[in-house]
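The values are calculated or read from the model by the stated rules, or taken from the named source; none is laboratory data. All figures in this text were calculated on a predicted structure; none of them were measured in a lab. Counting neighbours? That spans all protein chains shown, and the Cβs are built from the backbone with ideal geometry, glycine included. What goes into the accessible areas is simple: the full protein's heavy atoms, side chains included, and nothing from ligands, DNA or RNA. Shrake-Rupley method; radii C 1.70, N 1.55, O 1.52, S 1.80 Å.
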Amino acid sequence: GRARGSDLAVAAFIAALICAYTVIDKAGLGHADPLTYLVLVVGLPALAYAAILARRRGAKSLRRAVTPTVVVGGIFVVGAYGLVLAALAIAPAAPVAALRETSVVIATAMAGLVLGERVTRVRLVGAAIVATGIALVVVG
């Protein structure tokens, strides 16, 4: 379909949120090394959330939800965020944020090549726009 003004407003809002959390992470790394920051931002809330779930639904329910797939997925997500934090600790935020958004382009490619999804012209154009934005940030 066609993009509406509200669609563009939502996209701009999401872009602003991405910018905000990247700037917040960069500032936080001024007070802690990447591993400590990762534990404080992800580890402690995860433990608190698990404790709340165990109390509300029972520890058995929580154990059933923790499957090997969930554990591996969690390791990958936390590991990827840890790598972003390590990059932010040694580089300016803008190029790190731009590189981080390459996941949109990679996901589009994998959707077609690995998952066998039909990658429409709209998705390709979206990926191209993201790639162009990344290039513009890198160039300066």
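Some points to look at:
- Between E117 and V42, the modelled labels are 2.3 nm apart [label points 7 Å from Cα along Cα→Cβ].
- Reciprocal of mean inverse Cα separation for region 70-132 (Kirkwood radius, Å): 13.2
- In this simple spin-label approximation, V71 and T132 carry label points 7 Å from Cα along the Cα→Cβ vector, and these lie 4.6 nm apart.
- Across region 74-86, computed HN-Hα scalar couplings (Karplus, 6.51 cos²θ - 1.76 cosθ + 1.60, θ = phi - 60°) run x, 4, 5, 5, 5, x, 5, 5, x, 5, 4, 5, 4 Hz from first to last residue, x flagging Gly and Pro.
- Computed over protein heavy atoms with a 1.4 Å probe, the accessible surface of region 1-110 works out to 71 Å² per residue.
- Contour minus Cα-Cα distance for A51 and H31 (0.36 nm per residue): 4.5 nm
- Region 27-92, Rg to Rh (Cα coordinates; Rh as Kirkwood inverse mean 1/r): 1.09
- Theoretical FRET efficiency, 1/(1+(r/R0)^6), r = Cβ-Cβ of V10 and K60, R0 41 Å, to 0.05: 0.55
- Semi-axis lengths (Å, descending) of the ellipsoid that matches the C-alpha gyration tensor of region 14-53: 22, 16, 5
- Stokes-Einstein D in µm²/s, Kirkwood radius over Cα pairs - the chain at 10 °C with 1.306 mPa s viscosity: 89
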